[in-house]
1. Among the residues of the range 52-68, are any modelled with pLDDT under 95, over 20 Å from residue 28 (Cβ atoms) and not aliphatic (A, V, I, L, M)?
2. Is there a residue in the range 58-75 that is β-branched (Val, Ile, Thr), surrounded by fewer than 21 Cβ atoms within 10 Å (Cβ to Cβ) and within 24 Å of residue 148 (Cα to Cα)?
3. Considering only the range 219-229, I want to know if a residue exists there that is surrounded by 15 or more Cβ atoms within 10 Å (Cβ to Cβ), part of a strand (DSSP E or B) and among the small types (Gly, Ala, Ser).
4. Which strands (runs of 3 or more DSSP E) does the range 149-214 wholly contain that include 1 or more residues that are at negative phi and surrounded by fewer than 21 Cβ atoms within 10 Å (Cβ to Cβ)?
5. For the range 196-229, enumerate the residues that are more than 16 Å from residue 179 (Cα to Cα) and in contact (Cβ under 8 Å) with a residue 40 or more places away in the chain.
6. Can you tell me which residue is nearest to residue 47 (Cα to Cα) among those in the range 82-101 that are in contact (Cβ under 8 Å) with a residue 40 or more places away in the chain and more than 14 Å from the chain's Cα centre (by Cα)?
7. Filter the range 230-261 down to the residues that are in a helix (DSSP H, G or I) and modelled with pLDDT of 60 or more and list them by number.
8. Of (1) farther than 21 Å from residue 79 by Cβ; (2) out of contact with any Gly (no Cβ under 6 Å at 6 or more places or on another chain), residue 142 satisfies all except one. Which?
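The values are calculated or read from the model by the stated rules, or taken from the named source; none is laboratory data. Just so we're clear, the structure is a prediction, and the values are computed from it rather than from any experiment. Note that each Cβ is placed from the backbone with ideal geometry, even for glycine, and that neighbours are counted across all protein chains shown.
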Amino acid sequence: MLVALLLPTVALAADVYLYIGDIIMRDGDYLANGASATTKTKPTSGGYAYLEADGWDLHLTLHNFSYTGNGRYYDTDSRAVINCPEFDSEFTIHLEGDNYICAEGNPDEYHLAILGDLDFIDGSVNDSLTIESSEGGISAKRQLRISGGNVEITARHIAAEVTKGDLRIEQSDKLGTIILRSTNQRTDRSCYALHAAKGVMKAGTPDEWIIVASESSSGSPLETFDSADLEKYDYIKIVRVPNGIHELPKTGDESDIMLWLSLAMTSMAALVLIARKKYNTDTSM
């Protein structure tokens, strides 16, 4: 007689991880600024990165985190500082405080700051992420979604890239200002602030963010953003229309004044168009 041996089924935790530089991080790991290894103990001072796994999904908290240098190879002659392997997972970066990533190294290699499949960036309006890169800023496959914090990316090649999806801006009171800038110093013209296969989408409320752009990395002169021709821009700024827009900004910075004028003109044009449509008058402008 054959006796069936019933063994208990054990659910194995997903072995998900990511790299910061050449350092592997798994669920519950902390990496302090300047450290060469992770720990399970939260640093008592200074900045750090902390990884939490939820099934296949990864949540990376950057708390006043700072990193400058090479990343890990993800392809021949290509590196990423924060490298999230493709697990078909959601990869969320939570911002706390002011965070800085500089991707640089061998000039014969391509350097990215962040690489993932489906990337989210979240935080409060007081939190920030600043990225500088000798080549690329952020590269995502399916989508790059920004729902909170202030994000500024300056890269020599492409500041932000979504190879198969869109850049999605989740409008809420947590969202600050987003700046994408390509310094466009390569010999070919495959350099731009943003490449997104399915363009730029805005979602959420209040619907108060507008997009201005420039063909110059300096951000001047600003012009109306044309989503049908993303790759002509070396500078893209996504900013909330300020309250009391009738008041000039209290600064002598010409770029801020030009931005205010762009915002004011955009808002006035929208109001005139709405009024004309409401009263069935001529809508030509």
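1. So far as the range 52-68 goes, no, none of its residues is modelled with pLDDT under 95, over 20 Å from residue 28 (Cβ atoms) and not aliphatic (A, V, I, L, M).
2. yes
3. Checked against the condition, which is being surrounded by 15 or more Cβ atoms within 10 Å (Cβ to Cβ), part of a strand (DSSP E or B) and among the small types (Gly, Ala, Ser), the range 219-229 yields no hits at all.
4. Where strands (runs of 3 or more DSSP E) fall fully within the range 149-214 and carry at least 1 residues being at negative phi and surrounded by fewer than 21 Cβ atoms within 10 Å (Cβ to Cβ), they are 149-155, 166-171, 175-182, 192-196, 200-204, 209-214.
5. 204
6. Ranking the candidates gives 97 first.
7. Just the residues of the range 230-261 that are in a helix (DSSP H, G or I), to begin with: 230-232, 254-261.
Selection gives 230, 231, 232.
8. (2)
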